[in-house]
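Written out below as structure tokens is the structure these notes cover.
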Amino acid sequence: MTLTVTPLPQALGATVTDLDVDRLDDATVERLHQAWHENLVLFFPGLHLTEEQHIALGSVFGRLEATSGKDDDHRPQETRGPRGEILVLDGSRPQDRANAWHTDVTFTADPPIGSLLSMQVCPEKGGDTLWSNQYAAYESLSPAIRALVDGLDATHGRMGLTDLTVKPMVATHPVTGRRALFVNRGWTTGVPGLGAIESRNLLNLLFEHSERPELQVRWTWSPGDAALWDNRCTMHYAVNDYGDAARILHRVTIYAE
């Protein structure tokens with residue numbers, strides 16, 4: 001199989017075409033991994049994944065769960081698939097709109113390495129998703145702020161809603177070796193060792209810096225599109241501008257084996 005990988009002209013992202021999901025041989029899987037690590041987000045226009053194909057494609061990147069894999073996850077789940085691997089995201093439920101910048105479930109001890117999203121019902125207008133490049137966010141910090149965050153941890157999670165975990169503010173990707181800013185507005189809530197005012201203002205500075213348009217790619221969905229992103233070096237945001245129109249996606253969450 002010959003894949004066509006076309007990098008997008010934004011700060012991250014590439015389209016993948018000519019993929020036969022029913023023929024995922026070793027060479028194809030290796031090419032997909034390489035493209036994923038180079039581009040952070042891969043878009044598959046009009047792929048129209050079945051549930052079985054969705055699970056098969058996601059599985060070449062790691063172990064699958066619907067979300068965090070915990071019985072006490074932070075929200076009710078509607079799942080599909082033989083083991084409940086596929087999470088149904090339905091825009092008719094406010095908690096599924098995800099219209100805030102975040103990285104998925106960073107409040108767990110071992111957050112997912114990525115997710116594969118498949119558009120099932122697409123609104124005629126609106127409902128785009130944005131991703132932000134957190135390698136570029138870290139690299140574009142001033143030297144003084146970069147030196148500061150290199151030595152700090154951050155708390156992820158919300159008291160009474162999720163677990164609380166402490167992780168370095170800067171993460172080294174285990175495959176690429178690149179360093180990425182690892183804080184997000186959705187789940188990062190404090191900086192151990194700093195006062196409340198210092199913590200709040202430092203996090204707000206980092207959130208605003210990492211959410212800048214210069215670091216983003218924006219995808220306008222069409223029916224059947226799929227997107228695979230690296231949770232270790234990106235954030236994402238689902239635009240809530242489609243009113244009462246139907247917007248339903250299926251997602252598998254990918255964990256390291």
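The values are calculated or read from the model by the stated rules, or taken from the named source; none is laboratory data. From a predicted model like this one, the values you see are computed outputs, not experimental measurements. Cβ coordinates were reconstructed from backbone atoms using ideal geometry, including for glycine residues, and neighbour counts include every protein chain displayed.
This table checks each residue for (1) outside any loop (DSSP other than H, G, I, E, B); (2) within 17 Å of the chain's Cα centre (by Cα).
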residue: Val149; (1), (2): yes, no
residue: Thr162; (1), (2): no, no
residue: Asn184; (1), (2): no, yes
residue: Leu194; (1), (2): no, no
residue: Leu203; (1), (2): yes, no
residue: Glu214; (1), (2): yes, no
residue: Met235; (1), (2): yes, yes
residue: Ile254; (1), (2): yes, yes
- Do any residues in segment 156-181 that are at pLDDT 95 or above have Cβ atoms under 7 Å from those of residues that are among the acidic types (Asp, Glu) and not in a loop (DSSP other than H, G, I, E, B), where the two are at least six apart or on different chains, and which pairs are they? Val166/Asp153; Lys167/Asp153; Pro168/Asp153; Met169/Asp153; Val170/Asp150
- Task: Please determine, by comparing only the residues of segment 101-124 that are among the small types (Gly, Ala, Ser) and modelled with pLDDT of 95 or more, which one is nearest to Pro223 (Cα to Cα).
- Result: Ser118
- Message: Against the definition (over 28 Å from Pro7 (Cα atoms) and touching a residue at least 24 places away in the same chain (Cβ under 8 Å)), how does Leu205 come out, yes or no?
- Response: yes
- Item | Scan of segment 167-205 for residues that are farther than 15 Å from His156 by Cβ and touching a strand residue (DSSP E or B) at 6+ places or on another chain (Cβ under 7 Å), ordered by number | Thr172, His173, Arg179
- Message: Which residue is nearest to Gln10 (Cα to Cα), if the candidates are limited to segment 215-250 and must be surrounded by 20 or more Cβ atoms within 10 Å (Cβ to Cβ) and of a type in the set (Lys, Arg)?
- Response: Arg232
- Residue hits (segment 46-59; within 9 Å of Asp225 (Cβ to Cβ) and in contact with a strand residue (DSSP E or B) (Cβ under 6 Å, 6 or more places away or on another chain)) are Leu47
- Would you point out the residue of segment 79-135, among those that are surrounded by 21 or more Cβ atoms within 10 Å (Cβ to Cβ) and among the small types (Gly, Ala, Ser), that is nearest to Gly13 (Cα to Cα)? Ser132
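Look at Gly224 and say whether it is farther than 24 Å from Val88 by Cβ, in a loop (DSSP other than H, G, I, E, B) and either at pLDDT 95 or above or not acidic (Asp, Glu) (or both). Write out each step before concluding.
Values: farther than 24 Å from Val88 by Cβ: no; in a loop (DSSP other than H, G, I, E, B): yes; either at pLDDT 95 or above or not acidic (Asp, Glu) (or both): yes.
It is false that Gly224 is farther than 24 Å from Val88 by Cβ, in a loop (DSSP other than H, G, I, E, B) and either at pLDDT 95 or above or not acidic (Asp, Glu) (or both).
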- Note on the structure: Here the qualifying pairs (Cβ atoms under 8 Å; residues six or more apart or on different chains; first in segment 73-97 and under 23 Å from Leu130 (Cα atoms); second at pLDDT 85 or above and small (Gly, Ala, Ser)) come out as Leu89/Ala98; Gly91/Gly127; Gly91/Ala245; Gly91/Ala246; Ser92/Ala246; Arg97/Gly91; Arg97/Ala238
- Message: Name the single residue that is surrounded by the fewest Cβ atoms within 10 Å (Cβ to Cβ) among those in segment 165-180 being in contact with a Ser or Thr (Cβ under 9 Å, 6 or more places away or on another chain) and farther than 20 Å from Trp101 by Cβ.
- Response: Val166
- So which residues in segment 33-53 are out of contact with any Leu (no Cβ under 7 Å at 6 or more places or on another chain) and not in a loop (DSSP other than H, G, I, E, B), if there are any at all? His33, Gln34, His37, Glu38, Phe43, Glu51, Glu52, Gln53
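On the given criteria, is Gly151 small (Gly, Ala, Ser) and crowded, with 16+ Cβ neighbours inside 10 Å? Before you say what the answer is, go through the steps one by one.
Numbers: small (Gly, Ala, Ser): yes; crowded, with 16+ Cβ neighbours inside 10 Å: no.
So Gly151 does not fit the description; no.
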